[in-house]
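K.L.:
Dropping a structure here in structure tokens format, bear with me for questions.
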Amino acid sequence: MTNASLRCWIYKVDRHDDVYLYLAREAGFADVPQDLMRTLGTPQLVMELCLSAERRLAREDVIQVMHNLRSQGYHLQLPPNLRPRFYAAEGE
């Protein structure tokens, strides 16, 4: 692993489909806000991954993921079609 690469652990959450939590440290849940953890439910480890600028991710910008991991210790991947609840009343 080079300085430009970053190891991470990816967890699926049980309360929401297609929501993944990337952590900069294995079981580094202390870096994630408690309110967010309560909303997500119980995380289950899916994989360990080594990220780099050259690596492509299916749904996320790897540079943004790496930035979030380095700056806050986690990155939350939401489904592409998810609308936050506070927008749901618009136009309905």
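K.L.:
Can you say whether Gln77 is of a type outside the set (Phe, Trp, Tyr), under 12 Å from the mean Cα position of the chain (by Cα) and closer than 14 Å to Lys12 by Cβ, as far as the supplied structure shows?
P.N.:
Here the answer is yes, as Gln77 does meet what is asked.
K.L.:
Okay, next question. Under the condition of being hydroxyl-bearing (Ser, Thr, Tyr) and over 12 Å from the mean Cα position of the chain (by Cα), which residue from the stretch 1-45 is nearest to Gly73 (Cα to Cα)?
P.N.:
Ser5
K.L.:
Give all pairs with beta carbons closer than 7 Å in which a residue from the stretch 41-56 that is touching a residue at least 24 places away in the same chain (Cβ under 8 Å) and within 17 Å of Ala27 (Cα to Cα) meets a residue that is among the β-branched types (Val, Ile, Thr) and surrounded by 13 or more Cβ atoms within 10 Å (Cβ to Cβ); count only pairs at least 6 apart in sequence or on separate chains.
P.N.:
From the stretch 41-56, the pairs are Gly41/Val13; Pro43/Val13; Val46/Ile10; Met47/Ile10; Leu49/Ile10.
K.L.:
Then there's this: For the stretch 7-27, which positions are surrounded by fewer than 16 Cβ atoms within 10 Å (Cβ to Cβ), in contact (Cβ under 8 Å) with a residue 24 or more places away in the chain and within 28 Å of Glu54 (Cβ to Cβ)?
P.N.:
Once the filter is applied, which keeps residues that are surrounded by fewer than 16 Cβ atoms within 10 Å (Cβ to Cβ), in contact (Cβ under 8 Å) with a residue 24 or more places away in the chain and within 28 Å of Glu54 (Cβ to Cβ), the stretch 7-27 yields Arg7, Asp18, Arg25.
Where a number appears in this text, it was derived from the coordinates with a stated rule and is not lab data. Note that the structure is a prediction, hence the values are computed from the model and not measured. Heads up, the Cβs are rebuilt from the backbone with ideal geometry, glycines too, and the neighbour counts pull from every protein chain shown.
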